[in-house]
Amino acid sequence: MKRNSRRRPTGARRATFAAVALIVGGGGLIAANVYASASEVGWGGANDGEQTVSSETVTIDCPDLGTRLTEVPEPARAEVDKELALLDQQITEAYSRLAGTRQAQAEDDGFVQNSILGPLKDKRTAVIDRIKTDLERAGGAAPDGIDELAPCTGMPAEQAQPVADTGDDGSAQNDDSAQPGDGAGQGDDGQAASGPVASDFVDITTVQPNVKEPARQSGASTGGFVTECGVNANKNHNTDNVIVAPGVSNGAHHLHDYVGNQSNDAFATNDSFAAAQTTCRDQDDKSSYYWPVVRVQDGTQDFDQEADGGGKEGNVGRILSAEQAQIKFIGSPTGKVVAMPRFLRIITGDAKAFTNGTANANAHWSCTGFEDKVQLTDAYPLCPQGSKVVRTFAFQSCWDGQNTDSANHRTHVAFADEAGNCAEGFRAIPQLTMRLVYDAPRPVVRDGQVENPYAVDGFPEQLHKPITDHDDFINVMTEGLMDKVVDCINSGRQCGAGADDPSKEEPAPSDEPSSGGDTPKDPGKGAGTQTPQPPAGTADTGQNGAGDGGAKNGGAKDGDAKDGGAKDGAAKGDGAKGDGGAQDDRAAAGSEVDTAPKAARSDAPTVEQSAADDAGTDTEAVSEQAASTPSETRPQAVTGGLADTGARLWPAAAGAVLVTAGLLLLRRRRA
């Protein structure tokens, strides 16, 4: 037998071969990942700098011009507000055309750009030119770069947001698409073509605790004042937008619930507010408290099915009335508060946060029994049996000391910083907190689809995303009542309608921050991210183009709507001290959220959901997308969340590990 003369590799040579293989393989992964990333065409442009718009465009993203107009001379404000409302109307009409021409888009890749986005740009350019003229006539000047805000872009469809398959006339082609009409209605299953979708929901029992409360400092104002104004039992609704679009009917493009002042519509004035009736138990509180309605998309129709702001603009289904509407003013963790000026206007949250990004988002969604543990900003909760859906709002608590409103309806108020301090030049005012409880039927999420979902009303192009939730307030308390509110809060008492004991002192604040549940010790791990507070004094740049409007005079009688009676500690929620709270060992993560008096702003909101909930319903993981920086107008759906970033970068990361291992092995071999 012939002897094999080939030498077998020694251990050292085998190690060398292995090291070289690791380096080559790792380098290949890195190169492939870099090439793939460089070749991708996503939102914002193709390789040649031009955006590729295809038949998979799901919605329209337009720069929010109102956020740039921080300085508008008073004589020009009325005309500028009307022009801004016209921009919103143009977007609504363009989205309707987008939703109603799917067949044409499928047959012509240039249809969206040529027939929708191009004409929209021309219309917006004309409006911007008129705004510039209005500003110049009033002695002002348009901000730099305003002309660059005319073009809009198409947001590509993604796995989380399917495109409704409608014909050129808007007629439905399948069960999930729109009814004949404008393409923004509801399908045969009752679900709106414009959302929500399965990935907008998360089983709250799978989300890790993410709530923390700020520490109170010596001298904090620890009292609270509750005002009881009902739940809109008299059905006072309209789709106006009196703060942002005064004098414009249907300025909100969605329906509001109104409690308190009963004269709030697009044409309301300070005088009409002062003379109006109120549903508040204390008749000295004629303030207007209002918010978008919540609907169940179960195939049923409500009174506005064929109306503007309702079914004609994608807000479909049965309107849910809140079982509780708890309204409470609280103090500052760092010092005393001063009185709010009468007719102060505040918008909290951003009705356009899906396309604007989360700079001004302030949505809080939870379930009774979970509120001091879990608050969601970018997902609707799936509540367990016996638990109810809760929306919570914590308004801005710092005022500039001079103005009751501002040109962009944001910069005259601000959130305190993380320590609870207002910026220089701002004063702490009683912070309005609101808690709305709904007996919403639990949606069924199965095989990537959601049945009978509930959703908040909104602009149609915002696709009913939970992060677009917002709330509005106009202070119409008498000066005497406001002084009582301030005195109560600063003296540490609990006062007002529904207070258990108006003279009861609140316990002295602890030096240690309290925690609602077991907050993760390292929120930076997993998918969770800390939810920072907007810096004090930072201008809230997103315009809530839909948060404000008013009710037609409903003639509410004195003492109407007494069923909302907020109890002390309304922000805590029903039984939120531990009943069924999220478990640390459940497969999910949540952003760490400061409860009121903190803001719920999130720079990178991410909520994940397990594959199945306790009831056995198949659910999909929710990975909401990270927000863009406040100066950008990038849609949340396309900026990439942590999970998405990991999916894109893991080949390069794995390659780097392999290369490093190869180099270490080779170095050891030579040593």
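The values are calculated or read from the model by the stated rules, or taken from the named source; none is laboratory data. Quantities reported herein were computed from a predicted structural model and do not represent experimental measurements. Positions of Cβ are backbone-derived with ideal geometry, glycine not excepted, and every protein chain shown enters the neighbour counts. Heavy atoms of the whole protein, side chains included, go into the accessibility calculation; ligands, DNA and RNA do not. Shrake-Rupley method; radii C 1.70, N 1.55, O 1.52, S 1.80 Å.
Taking the stated definitions as given, is Thr358 open to solvent by less than 10 Å² (accessible area, probe 1.4 Å) and at pLDDT below 95?
Details: open to solvent by less than 10 Å² (accessible area, probe 1.4 Å): yes; at pLDDT below 95: yes.
Yes.
If Gly299 passes every condition in (1) among the small types (Gly, Ala, Ser); (2) at pLDDT 95 or above; (3) open to solvent by 20 Å² or more (accessible area, probe 1.4 Å) but one, which one does it miss?
Condition (2) is where Gly299 drops out.
Got a sec? Which of Tyr438, Tyr454 is over 17 Å from the mean Cα position of the chain (by Cα), closer than 23 Å to Trp291 by Cβ, at pLDDT 95 or above and among the hydroxyl-bearing types (Ser, Thr, Tyr)?
Numbers: Tyr454 fails: over 17 Å from the mean Cα position of the chain (by Cα).
The conditions single out Tyr438.
Is it fair to say Ala363 is open to solvent by 10 Å² or more (accessible area, probe 1.4 Å), outside any strand (DSSP E or B) and of a type outside the set (Phe, Trp, Tyr)?
Details: open to solvent by 10 Å² or more (accessible area, probe 1.4 Å): no; outside any strand (DSSP E or B): yes; of a type outside the set (Phe, Trp, Tyr): yes.
Answer is no for this residue.
Out of all the residues in segment 341-352, which are assigned to a loop (DSSP other than H, G, I, E, B) and either open to solvent by 10 Å² or more (accessible area, probe 1.4 Å) or at positive phi (or both)?
Our first condition is that a residue be assigned to a loop (DSSP other than H, G, I, E, B); within segment 341-352, this holds for 341-344, 350-352.
Listed by number, the residues that qualify are Pro341, Arg342, Phe343, Lys352.
Being under 17 Å from Ser321 (Cβ atoms) and open to solvent by 10 Å² or more (accessible area, probe 1.4 Å): is that true of Ala233 here?
Details: under 17 Å from Ser321 (Cβ atoms): yes; open to solvent by 10 Å² or more (accessible area, probe 1.4 Å): yes.
In short, yes.
So which residues in segment 311-325 are surrounded by fewer than 24 Cβ atoms within 10 Å (Cβ to Cβ) and not small (Gly, Ala, Ser), if there are any at all?
The initial filter retains those residues of segment 311-325 that are surrounded by fewer than 24 Cβ atoms within 10 Å (Cβ to Cβ), namely 311-312, 318-321, 323-324.
If the condition is that a residue be surrounded by fewer than 24 Cβ atoms within 10 Å (Cβ to Cβ) and not small (Gly, Ala, Ser), then Lys312, Arg318, Ile319, Leu320, Glu323, Gln324 are the ones that fit.
Name the residue, out of Asp285, Asp308, that is open to solvent by less than 10 Å² (accessible area, probe 1.4 Å) and among the charged types (D, E, K, R).
Values: Asp308 fails: open to solvent by less than 10 Å² (accessible area, probe 1.4 Å).
Asp285 is the lone residue from the list that is open to solvent by less than 10 Å² (accessible area, probe 1.4 Å) and among the charged types (D, E, K, R).
Does Gly386 meet the test of being free of Cβ contacts under 8 Å to residues at least 60 places away in the same chain and more than 28 Å from Arg216 (Cβ to Cβ)? Can you show your working first?
Working: free of Cβ contacts under 8 Å to residues at least 60 places away in the same chain: yes; more than 28 Å from Arg216 (Cβ to Cβ): yes.
So Gly386 fits the description; yes.
Go through segment 252-273 and count every residue that is within 19 Å of the chain's Cα centre (by Cα) and within 19 Å of Asp81 (Cα to Cα). Walk me through how you get there before you give the answer.
So the first thing to find is which residues in segment 252-273 are within 19 Å of the chain's Cα centre (by Cα), and the list is 252-257.
From the residues that got through so far, the ones that are within 19 Å of Asp81 (Cα to Cα) too are 252-254.
Looking only at that region, the number is 3.
Looking at (1) open to solvent by 70 Å² or more (accessible area, probe 1.4 Å); (2) touching a residue at least 12 places away in the same chain (Cβ under 8 Å); (3) more than 22 Å from Asn315 (Cβ to Cβ), which is the only condition Ala138 fails?
For Ala138, the failing item is (1).
Kindly list, by first and then second residue, each pair from a residue in segment 462-478 that is basic (Lys, Arg) to a residue that is open to solvent by less than 10 Å² (accessible area, probe 1.4 Å), limited to pairs with Cβ atoms under 6 Å and residues at least 6 apart or on different chains.
Listed pairs, sorted by first residue: Lys465/Phe354.
Picking from Gly260, Gly331, which residue would you name as being in contact with a helix residue (DSSP H, G or I) (Cβ under 7 Å, 6 or more places away or on another chain), within 24 Å of Cys495 (Cα to Cα) and either surrounded by 24 or more Cβ atoms within 10 Å (Cβ to Cβ) or without any contact (Cβ under 8 Å) to a residue 40 or more places away in the chain (or both)?
Among Gly260, Gly331, only Gly331 is in contact with a helix residue (DSSP H, G or I) (Cβ under 7 Å, 6 or more places away or on another chain), within 24 Å of Cys495 (Cα to Cα) and either surrounded by 24 or more Cβ atoms within 10 Å (Cβ to Cβ) or without any contact (Cβ under 8 Å) to a residue 40 or more places away in the chain (or both).
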